[in-house]
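Everything below concerns the one structure shown next.
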Amino acid sequence: MEFGHNFRHYRMHCNLTQRQVAKILGIAQTNISNWENNHTRPEYEHLVRLARIYDVSIDKLLGIV
């Protein structure tokens with residue numbers, strides 16, 4: 001399953017740049033890019049924080065529902 005599309009969709013829906021999300025999470029911008037391009041996946045803690053930042057459930061963020 002490719003989660004990257006959902007990560008990018010919700011980030012853009014919130015009018016946030018990759019750099020802004022990275023700063024909020026305290027990580028490198030390249031991590032966000034890698035997640036959105038399906039090169040890597042976020043750790044659980046980052047996934048939970050992304051869902052809170054984007055104001056969606058983890059299920060929705062992952063495209064499960």
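Per-structure values
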item: Residues satisfying the stated conditions in the range 6-24, i.e. under 10 Å from the mean Cα position of the chain (by Cα) and in contact (Cβ under 8 Å) with a residue 12 or more places away in the chain; result: ASN6, PHE7, ARG8, TYR10, ARG11, GLN18, VAL21
item: Condition broken by LEU16, with the remaining ones in (1) assigned to a loop (DSSP other than H, G, I, E, B); (2) closer than 15 Å to LEU62 by Cα satisfied; result: (2)
item: Search result, residues across the range 44-59 that are part of a helix (DSSP H, G or I) and open to solvent by 100 Å² or more (accessible area, probe 1.4 Å); result: TYR44, GLU45, ARG52
item: Flag if HIS5 is out of contact with any Phe, Trp or Tyr (no Cβ under 9 Å at 6 or more places or on another chain) and in a loop (DSSP other than H, G, I, E, B); result: no
item: Matching residues in the range 26-43 - criterion: being more than 14 Å from LEU61 (Cβ to Cβ) and either assigned to a helix (DSSP H, G or I) or in contact with a strand residue (DSSP E or B) (Cβ under 8 Å, 6 or more places away or on another chain) (or both); result: GLN29, THR30, ASN31, SER33, ASN34
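The values are calculated or read from the model by the stated rules, or taken from the named source; none is laboratory data. Remember, predicted model here, so these are calculated numbers, not experimental data. Glycine gets a Cβ as well: all are built from the backbone with ideal geometry, and neighbour counts include every protein chain shown. Just so you know, the surface numbers come from the protein's heavy atoms only, side chains and all, with ligands and any DNA or RNA stripped out. Shrake-Rupley method; radii C 1.70, N 1.55, O 1.52, S 1.80 Å.
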